[in-house]
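A short worksheet on the structure shown next.
The values are calculated or read from the model by the stated rules, or taken from the named source; none is laboratory data. Worth saying up front: this structure is predicted, and the values here are computed from it rather than measured. Every residue, glycine as well, gets a Cβ built from its backbone with ideal geometry; the counts of neighbours run over all protein chains shown. Just the protein is used for accessible areas: all its heavy atoms, side chains included, with ligands, DNA and RNA removed. Shrake-Rupley method; radii C 1.70, N 1.55, O 1.52, S 1.80 Å.
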Amino acid sequence: MSEVELYTVNYDFNRWHYTSADEDVYVSPVTFRAVPIDRGNVEISTDDTTASFTVNCALDLEFLELFRVSPPSGLVTLKCERYDLESETVIEVIFKGRIINVGLAEGEGQANVSCESSSQAIRRMGLRRHYQYGCPHMLYGADCGADRGQFVTVGAASNITGGTIDMTAVAGKDDGYYAGGYIEYTHSTLNTTERIAVSDSTGITLTLFSFPVGLSAGDEVRAYAGCDRVLATCDQKFNNAENYGGMPFIPTKNPFGNDPLF
């Protein structure tokens, strides 16, 4: 059979190349490594807003390390192409999208890699802003406007246990100061920047939402102050009340209720 499939997985500056062929395939300047890998059909949803794609592969493929505990903070993309060995040309791009989940195929010793088409995903209706008390802005984002460089603490990680790490550099901050914020560090093997949200902080201990894969004791960590999305915090902690996006003065009394006096 002259036609094989080529798979390319991208994450930050890392790229992994695989092929369903019996032998490695060289497509200048890249060598696609022959591994046990196959795929399902591309499935289009009934409302034509998304396309899904599933890849079955061996458990020892390198990129699966990214999903060993929880999905990575960055975007992981996958491209599948049909390639003709005789003419040495790519016939078509079968699928291109992002990996959204990795599961274990029971009894098969394989991983099921679920993907979503990036071209279809951008057509989906996004969230619309509603009246709400809390601020909807992404912390340190363009709408928030707070300068994260003014609210960062840099120090070495220690005592990495489950979903908690210790940082002596955060000593002296109020309990909960980093709750709602995040830590940032460089993955020890992939050299990528990873971010994990902080759920709570007490003393020198930060409680994270997931295990910090690729972080070792002694590695540098940048911890960013968190926000609970209320006006008082935005004003007193970040001096950023003018950019607050919530509606804290919405009347709490329902004008359409049973009380005749409003």
In whole Hz, the Karplus estimates of ³J(HN,Hα) for the stretch 194-204 (6.51, -1.76, 1.60; θ = phi - 60°; x where Gly or Pro) are 10, 10, 9, 5, 9, 8, 6, 9, 9, x, 9
Per the rule of 0.36 nm per residue minus the C-alpha distance, extending Glu92 to Val154 adds in nm 17.6 nm
Contour minus Cα-Cα span, Asn41 to Ile250, at 0.36 nm per residue, comes to 70.3 nm
If N is the residue count of the stretch 137-262, its Cα Rg over 2.2 N^0.38 Å rounds to 1.33
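What's the ranking of 185-196, 21-32 by average number of surrounding C-beta atoms within 10 Å, highest first? Mind showing how you got there, number by number?
On the way: 185-196: 16.7, 21-32: 13.1.
Answer by packing, highest mean first, reads 185-196, 21-32.
If packing is taken as the average count of other Cβ atoms within 10 Å, what order do 13-20, 158-165 fall into, highest mean first?
The packing order, highest mean first, is 13-20, 158-165.
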Rg/Rh over Cα atoms for the chain, Kirkwood Rh, comes to 1.08
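How would Glu116, Glu92 line up by accessible area, probe 1.4 Å, largest first?
On the way: Glu116 20, Glu92 80 Å².
Result, largest first: Glu92, Glu116.
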